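Participant: Pasting a structure here, questions to come.
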Amino acid sequence: MRTPKALVITGNGINTERESAHACRLAGMEAEIAHMALIFSGEVKLGDYNFLYFPGGFLDGDDLGSAKAGAVRFKYGKVLKEGSKARFEDELLGFVERGGLVLGVCNGFQLMVKMGLLPFTEGKLKQSVSLSHNDSGRFEDRWVYLTADPESPCVFTRGTGSLYFPVRHGEGKFIPASEETLSIIETQKLVPVRYTTPEGDVTGEYPWNPNGSVNGIAGLCDPTGRLFGLMPHPEAFVHRTQHPRWTREDLPEEGLGLILYKNAAEYIRQS
Amino acid sequence: MAKRVEVAVNPDLRDSRGEGCVREIEEFLHIPLDGVRTLDAFTLDFEVGEGELSALAKEVFSDPVVQVSSTSGKLGAELYPAFEWLLEVGYLPGVTDNEGRTAKEAVEMFLERSLPHQEKVYTSVQYLIKGNSLDRETVEKIASGLLANPLIQRWRILSRKEYDASGGVSPEVPRVTGVSQPVVNEIDLEVSDDELLEISRRGLLALTVGEMQAVRDFYREEQNQAKRAALGLPADRPTDVELECLAQTWSEHCKHKIFNATINYEDEGGEVEVITSIFKTYVQGATKKVREDLGEDDYCLSVFIDNAGVIAFDDDYSLCFKVETHNSPSALDPYGGALTGIVGVNRDPMGTGMGSQLIFNVDTFCFANPFHEEELPPRLLHPRRIYEGVVTGVEHGGNKSGIPTVNGTVYFDDRFLGKPLVFCGTAGLIPRTLNGGPGHNKRTKAGDLVVMAGGRIGKDGIHGATFSSEELHEGSPATAVQLGDPITQKRLYDFLLIARDRGLYSSITDNGAGGLSSSIGEMAEQTGGALLHLDRAPLKYPGLHPWEILVSESQERMSIAVPEDNIEEFMTLAEKMRVEAVVMGEFTDEGAFHLLYDGKTVGYLPLEFLHDGLPPMLLNAKWTPPVHEEPSFECPAELTDELKALLGRLNICSKESIVRRYDHEVQGGSVVKPFVGAQNDGPSDAAVNRPILDSFEGVVTANGISPRYSDIDAYWMTALVVDEAIRNAVAVGGTLDHLAGLDNFCWCDPVESEKTPDGRYKLAQLVRSSKALYEYTTAYGVPLVSGKDSMKNDYSIGGTKISIPPTLLFSVIGKVPDIRKSVTMDAKRVGDLIYILGKTYPELGGSEYWAAKGFTGNSVPKVDAGVNKKLYRALEAAIQGGLVASCHDCSDGGLGVAIAESVFSGDLGGLVDLSKAPMEGIARNDELLFSESAGRFVVTVSPKDKAAFEAALEGSPFALVGEVAEESSLVVDGMGGARIVEAEVGSLKDAWQTPLAAL
């Protein structure tokens, strides 16, 4: 049995690393926050972890588009390894091949999409979808209802049903490169979570679908289900007092977001 | 040869930026357009091959799924073949271009080579416009009137014909050129008083004749002359470096001359009192008194001496808080001003003690009506542009820094047309002990090195401190405007927290107003001197004079004292984390601020003179109570309509459209959010946050602001805002046991002069406000720990003068023992009992209700701190005992508004008999509904807790007035059995939500 060990990346505008690491720890993982400079300098090695976490924030201020400059940074960045320079890209692919889990939340999801790490249907880093400006034209912080697809291979959302998390973004509108891409994603059940109305119906309607995403798509996974990214913030709901209506509803102590991290921990222990 | 890349959204996708332009141009400029499409242009000012360029266009500058790119300069014509005019807006040379900076880093990553500092990427936005019979003049108007700000941006306009003839748009590089040789000038002060004043005016020094004379006299002293000659300085006159340094240090902004002045105050009875420093007497005096009263329970750790005030939090952490204003820059460039305001105030807690971890931001704005329709005086921006720019600036500054914006308000009054007020605040946590000493103390030692880290220095922000010490006038300098860079600052912040925890530095402070002259000048006080090599500062572009380097207010910089033993480790860490840091000198104990350039002394100012040489001001104040017309209208028959109208008043209506644009939950500690209730849209009274995620102890913050009461008496305005902030904090579960206050005064110029003939009255308002601040903070036992004043909030151009109403923002911060006991304002369950706490008096002077009717009146609400404190204590106990289902503060719009908000936020109705409410002297039902008496709450309680709740409140004014009803209507009976309100709750909520929803 493996011990779940999370590496939470920070630096250059990432800003939810603390609560993300907190969520991992609550779920029984060991979690370390590491500045990306330490990864590039070789002081922190992906190989020492089995869960790689790209948290939310504003990588490089989202200049050039959300996480775009960050994607260039990771895609073309070099890691010092045994005295010579290796491509971070290769380190990352190696991590994935070895069965590691990767989660990207909000800006981390945007990063994974723009690096081509999601939906990753061809098994190589190639961007095939994007997350663009919300139809409202604005950044917004509001809570959204989600429904998890029980048929999705995603290991994080196993056994969940309705979820409720905040979105906090200005660029979350899911757009596929083509109808064909969308069809592959849908057929392979790579959409673990979709925006719904409070009644639970998948919707394109604002504000329930906060950004105008096609087919209510709020997150994506790869065909193995080990790589997962989503716009809403599961780490922002791990305790009942984070819920916007905790003072008026009867809620369990643990927030719904914690299940995702517990699923990840459990998967790692079992694999 | 510069190269150009153009990028746009795919032609088959919506261009929401372009659509927004069409809307806004129509709305603001009344120019109807057929369409606008936009594209982003990147100008690359370095050598790059054709192959590399097209790879960059595809891989770095554009998103292959949703964007198209081109290197031809002709993307516009392909994208929008029908366009008729092209407008391209970029930055002026030297202005911060964040996206350009990021683009350059991405290019370096992609090309695997690093570029020299001066080889840059510049960004601009191209607007492709189509409209009926547009001419160049109209396009020019679109540029200057909406899409560009001439203070920071430049633009070019091409007709379609010109565009086609030149084969698209050629690269244009806004490089800083015409660089001058750095020089040091000497200034002869042996001139007439008029000439002294002229030197001050021309140099934007904002020094008075008396102050200029004090400077001159220093250079007359023989002892000083001898020392200067020995250093190779002009013996009998200052260098420009010295004069500028003195002007910054002695500016109203930095020295708070009015708050430290000696004032002769004459009250309405002719009684004269001499006040030696309002600051020492009433502000520091209040804190001293409260701390004495607290005795062993004193939780203040560091007050008034550092960048932020510090109080205790728990065994491991202390809590610090600072609120600043950024009014003048926001008037000229609302976006840049507000952005700089928020990232600027972030650096205050970052530079407090040994540096703190930032846990939340707060923002309060005062604007003129955004729907203003009359002609605007010259140089003023439309309040709607100010509103949009400020909100966007704070949105970008807060969100990109990863600091939640948890509390604040927006206040509207048309006198804020002349200068908007932009208050930004930040709280932080400092380790209680750090490397063997208290985290809230600095430990600079002589011999420590002076290090500057973060951004580079440019001409931006030069004279910010002196400029904000003046009214907005025709010559207000454009260099006072600058753009913040949240990401450079975030990197610096991430780096500094690591350096702090490793014990690599001994002291830290921020570079804000006055730049290095201020930060190093102040740090030097701890050791008794500093030596600074100005030529070692990294510059954004060459050609800055030594004095400019010293006083530039370029953003994102911290000054740090690093012991020599640690410097190597400090610099290595900085380099690894891509933070620029340079050693600029060292702290000494030689008693002076010693400035060098290229090894030559260019300034030498004894600290004693620099910090204490400023002659105190002598001012006069005379209080004559104003008398306003008393309202004469009858009590309206339909109070339901009056209530709806009040709910839609700008100062009462929902601000949700603004608040949703701020991330209020990042860091995961949000407990009481800005909007709560059944639909997440009811207005919270205060914020509760949990900064340490494995502890249930939390932080409460709240504010009070109400400038309109100053029209009657700034004394009561102040009493009311202090009471309101405390009341708001108590309403959500805060405790008077552990609460601290911050005062931010924004006044109109209170110094009597030709420009300000009513200075004595305005100063009397300030005196009265300060007296009330002392009275009420000491009565409530809430120590003041920090604050700021901004005293020149006037506009004066041509014959027009607009002065803001005297404004005090009172902010509180405190500890919540258990966040799980927090209470929100929304009514919870059908059948819960509705109580009114606190007594209602006929106090409608300065109320929203009378303002709606066109009256100010004179019956301003009074505050009885004794009665209120007892009530707040009782309510605190009831909340801690879990007896309170909901609690809502009652302020603007009175009981009517508070009850309506409580029930509609719960998606419930209410049956209320207000004739049962505690009251005295109330003769009319509109008074009962809309009076703004202090010290009141609307509380709902579960029937099972009735007896315990009433027992807890025993001895305070309160009454059971009704219950929460299932029906979706609110029914309120008043005196004489009259039914005074009967309304669908949904219609009340609509009235409240509509006014600003679309902004």
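The values are calculated or read from the model by the stated rules, or taken from the named source; none is laboratory data. Every value quoted in this text rests on a predicted model; they were computed, and no experiment measured them. As a convention, Cβ positions derive from the backbone with ideal geometry for all residues, glycine included, and neighbour counts pool all protein chains shown. These accessible areas exclude ligands, DNA and RNA; they are computed on the full protein's heavy atoms, side chains included. Shrake-Rupley method; radii C 1.70, N 1.55, O 1.52, S 1.80 Å.
Participant: For segment A:162-176, take each phi angle, set θ = phi - 60°, evaluate the Karplus expression 6.51 cos²θ - 1.76 cosθ + 1.60, and give the result in whole Hz per residue in order, putting x for glycine and proline.
Facilitator: Residue by residue, segment A:162-176 yields 7, 10, 9, 9, x, 9, 8, 8, x, 10, x, 7, 6, 9, x Hz.
Participant: While we're on this one: Considering only Cα-Cα distances, which of the following residue pairs are longer than 27 Å: A:K114/B:K161; A:K114/B:K322; B:K788/B:K862; A:K85/A:K114; A:K68/A:K124; B:K104/B:K490?
Facilitator: Numbers: A:K114/B:K161 38 Å; A:K114/B:K322 39 Å; B:K788/B:K862 25 Å; A:K85/A:K114 23 Å; A:K68/A:K124 18 Å; B:K104/B:K490 18 Å.
Those over the limit are A:K114/B:K161; A:K114/B:K322.
Participant: If you take each beta carbon of peptide B:487-494 and count the beta carbons of other chains within 10 angstrom, what is the mean?
Facilitator: 4
Participant: For segment B:317-429, what is the percent of antiparallel DSSP beta bridges, rounded to the nearest 5? Walk me through the numbers on the way to the answer.
Facilitator: Working: 16 of 23 bridges.
Counting DSSP beta bridges with both partners in segment B:317-429, the antiparallel share is about 70 percent.
Participant: Let me ask something else. For the protein assembly as shown, rounded, prolate or oblate, judged on the Cα gyration tensor with a ≥ b ≥ c (square roots of eigenvalues), a/c < 1.5 rounded, else prolate if a/b > b/c? Present the calculation step by step, with values, prior to reporting the outcome.
Facilitator: On the way: a/c = 1.42, a/b = 1.05, b/c = 1.35.
Because its axes are fairly even, with a/c under 1.5, the protein assembly as shown counts as rounded.
Participant: Expressed as a fraction of 2.2 N^0.38 Å, the rule-of-thumb size for a compact globular protein of N residues, what is the C-alpha radius of gyration of segment B:860-997? Write down the numbers at each step before the final one.
Facilitator: Working: Rg = 15.0 Å, N = 138, 2.2 N^0.38 = 14.3 Å.
Relative to the rule-of-thumb radius for its length, segment B:860-997 sits at 1.05.
Participant: List residues of segment A:120-155, by number, whose backbone nitrogen lies under 15 Å from a label position 7 Å along Cα→C-beta of A:N215.
Facilitator: Only A:120-121, A:128-130, A:147-154 pass the distance filter.
Participant: Under the Kirkwood approximation for Rh and a Cα-based Rg, what ratio Rg/Rh is obtained for segment B:105-194? It would help to have the intermediate numbers written out before the result.
Facilitator: Working: Rg = 21.4 Å, Rh = 18.2 Å.
Computed over Cα atoms, the ratio is 1.18.
Participant: Quick one: of the DSSP bridges fully inside the protein assembly as shown, what percent are antiparallel, nearest 5? Don't skip to the answer; put the middle values down first.
Facilitator: Values: 164 of 210 bridges.
Of the beta bridges lying entirely in the protein assembly as shown, close to 80 percent run antiparallel.
Participant: What is the antiparallel percent of DSSP beta bridges lying wholly in segment B:478-631, to the nearest 5?
Facilitator: 75
Participant: First measure r as the distance between the Cβ atoms of A:R142 and A:Q188, then evaluate 1/(1 + (r/R0)^6) with R0 = 35 Å and state the FRET efficiency to the nearest 0.05.
Facilitator: Working: r = 30 Å, r/R0 = 0.86.
With R0 = 35 Å, the Cβ-Cβ based efficiency is 0.70.
Participant: Could you tell me which trypsin sites (Lys or Arg not before Pro) in segment A:1-93 are loop residues by DSSP with no more than 12 other beta carbons within 10 angstrom of their beta carbon? If you can, show how the numbers build up before the last one.
Facilitator: Values: sites: A:R2, A:K5, A:R18, A:R25, A:K45, A:K68, A:R73, A:K75, A:K78, A:K81, A:K85, A:R87; in loops: A:R2, A:K45.
Here the trypsin sites (Lys or Arg not before Pro) that fit, given the DSSP loop and packing criteria, are A:R2.
Participant: Where does the charge balance sit around B:L953 when Lys and Arg score +1, Asp and Glu -1, over other residues with C-beta under 12 Å from its C-beta?
Facilitator: Numbers: positive: B:K870, B:R873, B:K946; negative: B:E876, B:D945, B:E950, B:E954.
After counting each charged neighbour, the total is -1.
Participant: Work out how much length B:D990 to B:D267 would gain on full extension: take 0.36 nm times their residue separation and subtract the Cα-Cα distance, in nm to one decimal. Each step should come with its number before you reach the end.
Facilitator: Numbers: separation 723, 0.36 × 723 = 260.28 nm, distance 4.67 nm.
Length difference between fully extended and current span is 255.6 nm.
Participant: Return, for the Cα atoms of segment B:263-380, the radius of gyration and Dmax in Å, separated by a comma.
Facilitator: So, for segment B:263-380, Rg and Dmax equal 19.9, 59 Å respectively.
Participant: May I ask for the net charge around B:L531, where only other residues with Cβ less than 12 Å from the Cβ of B:L531 are counted and Lys, Arg are +1 while Asp, Glu are -1?
Facilitator: Details: positive: B:R536; negative: B:D448, B:E586, B:D589, B:E590.
Summing Lys/Arg as +1 and Asp/Glu as -1 gives -3.
Participant: Could you tell me the ratio Rg/Rh of chain A? Both radii from Cα atoms, Rh via Kirkwood.
Facilitator: Details: Rg = 17.3 Å, Rh = 18.3 Å.
On the Cα set of chain A, Rg over Rh gives 0.94.
Participant: Go ahead and collect, in residue order, the members of segment B:957-999 whose backbone nitrogen is under 19 Å from a label point 7 Å along the Cα-Cβ direction of B:R14.
Facilitator: B:997-999
Participant: Would you mind checking which residues have amide H under 5 Å from B:M919's amide H? H placed 1.01 Å from N; only 5 or more apart, or other chain.
Facilitator: Answer set, sorted by chain and number: B:T840.
Participant: Moving on to the next point. Using a basic spin-label model with each label point 7 Å from the Cα along Cα→Cβ, how many nm lie between B:L497 and B:A637?
Facilitator: In this crude spin-label approximation the distance works out to 6.4 nm.
Participant: Can you compute the label reach from B:K289? Point 7 Å from Cα along the Cβ direction, backbone N cut-off under 19 Å, restricted to segment B:770-788.
Facilitator: What the label zone holds, given the 19 Å backbone N cut-off, is B:770-787.
Participant: Other chains' Cβ within 10 Å of B:55-68 residues: what's the mean? Intermediate results must be reported in sequence, preceding the final value.
Facilitator: Numbers: counts 0, 1, 0, 0, 5, 7, 5, 3, 12, 7, 13, 9, 4, 0.
Counting Cβ atoms of other protein chains within 10 Å of each residue's Cβ and averaging gives 5.
Participant: With solvent modelled as a 1.4 Å probe, how much accessible area in total do chains B and A shield from it at their shared surface, in Å² to the nearest 100? Please report the intermediate quantities before stating the final value.
Facilitator: Values: alone 35710 and 11620 Å², together 42190 Å².
Roughly 5100 Å² of accessible surface disappears when B and A pair.
Participant: Please list the non-local residues whose amide H lies under 5 Å from the amide H of A:V102, H modeled 1.01 Å from N, same-chain partners needing a gap of 5 or more.
Facilitator: Hits under the 5 Å cutoff: A:L52, A:L227, A:F228.
Participant: Per-residue Cβ counts within 10 Å, from other chains only, averaged over B:681-690: what number is that? The partial results should precede the final answer.
Facilitator: Numbers: counts 2, 0, 0, 0, 0, 0, 0, 1, 0, 3.
Mean partner shielding for this stretch: 1.
Participant: For B:G585, enumerate residues with amide H under 5 Å from its amide H, sequence gap 5+ or separate chain, H modeled in the peptide plane.
Facilitator: B:V450, B:H533
Participant: What is the percent carbon and sulfur in the accessible area of segment A:5-270, measuring with a 1.4 Å probe over the protein chains and ignoring ligands? Numbers along the way, then the final one.
Facilitator: On the way: 4010 of 8600 Å².
About 47 percent, which is the carbon plus sulfur part of the accessible surface.
Participant: Would segment B:578-676 count as rounded, prolate or oblate if I go by the C-alpha gyration tensor, calling it rounded below 1.5 in a/c and otherwise prolate when a/b exceeds b/c, oblate otherwise?
Facilitator: Values: a/c = 5.06, a/b = 1.75, b/c = 2.89.
Oblate shape, in that a/c is at least 1.5 and b/c is the bigger or equal ratio.
Participant: Name the GluC sites (Glu not before Pro) in segment B:889-958 that are in a loop by DSSP and that have at most 12 other C-beta atoms within 10 Å, would you? Walk me through the numbers before you get to the answer.
Facilitator: Working: sites: B:E901, B:E920, B:E927, B:E932, B:E950, B:E954; in loops: B:E920, B:E932, B:E954.
When the GluC sites (Glu not before Pro) of segment B:889-958 are filtered for loop state and at most 12 Cβ neighbours within 10 Å, B:E920, B:E954 remain.
Participant: So, one more: Given an 8 Å cut-off on Cα distances and at least 6 residues of separation, report the relative contact order of chain B as a percent.
Facilitator: Numbers: 2439 pairs, mean separation 111.8, N = 999.
11 percent.
Participant: What per residue convex hull volume, in Å³, do the alpha-carbon atoms of segment B:3-165 yield?
Facilitator: Working: hull volume 18.9 nm³, N = 163.
With only Cα atoms used, segment B:3-165 gives 116 Å³ per residue.
Participant: Kindly identify segment B:314-394 as rounded, prolate or oblate by the Cα gyration tensor criterion: order the square roots of the eigenvalues as a ≥ b ≥ c, call it rounded if a/c is under 1.5, otherwise compare a/b with b/c, prolate if a/b is larger, else oblate.
Facilitator: Values: a/c = 3.87, a/b = 2.89, b/c = 1.34.
Prolate, because a/c is 1.5 or more and a/b exceeds b/c.
Participant: Just to be sure I understand the model, the point goes 7 Å from the Cα along the line to the Cβ. What's the resulting B:E27 to B:A877 distance in nm?
Facilitator: 5.2
Participant: Right, here's the next one. Before anything else, pin down the relative contact order of segment B:176-304: Cα pairs under 8 Å, at least 6 apart, normalised by residue count, whole percent. Mind dumping the intermediate values first?
Facilitator: Details: 98 pairs, mean separation 21.5, N = 129.
Relative contact order of segment B:176-304: 17 percent.
Participant: Could you work out [θ]222 nm for chain B from helices alone, using -39500 (n - 2.57) per DSSP H run of at least four and dividing by all its residues? Round to the nearest 500 deg cm²/dmol. Provide the component values of the computation, followed by the final result.
Facilitator: Details: 31 runs with 319 residues, N = 999.
Rounded to the nearest 500, the figure is -9500 deg cm²/dmol.
Participant: For chain B, what does the equivalent ellipsoid look like in terms of its semi-axes, each the square root of 5 times an eigenvalue of the Cα gyration tensor, given largest first in whole Å? Don't jump to the answer; show the numbers that get you there.
Facilitator: Numbers: eigenvalues 428, 270, 159 Å².
Each semi-axis is the square root of five times an eigenvalue, giving 46, 37, 28 Å.
Participant: Continuing with this model, one more query. Enumerate by residue number the GluC sites (Glu not before Pro) in segment B:331-397 meeting two conditions: DSSP loop (anything except H, G, I, E, B), and at most 11 other Cβ atoms within 10 Å of the site's Cβ. Provide the component values of the computation, followed by the final result.
Facilitator: Working: sites: B:E373, B:E374, B:E375, B:E388, B:E395; in loops: B:E373, B:E374, B:E375.
Here the sparse-neighbourhood loop sites are B:E373, B:E374, B:E375.
Participant: Next up: I'd like the Karplus ³J(HN,Hα) series for segment B:112-125: coefficients 6.51, -1.76, 1.60, θ = phi - 60°, whole numbers in Hz, and an x wherever there's a Gly or Pro.
Facilitator: Karplus-based 3J(HN,Hα) across segment B:112-125 equals 6, 8, 9, 9, x, 3, 7, 8, 10, 10, 10, 10, 8, 10 Hz.
Participant: With θ set to phi - 60° and the Karplus curve 6.51 cos²θ - 1.76 cosθ + 1.60, what are the ³J(HN,Hα) couplings of segment B:29-43 in order, to the nearest whole Hz, using x for Gly and Pro?
Facilitator: Values, residue by residue: 9, 6, 10, x, 10, 7, x, 9, 10, 10, 9, 9, 10, 10, 9 Hz.
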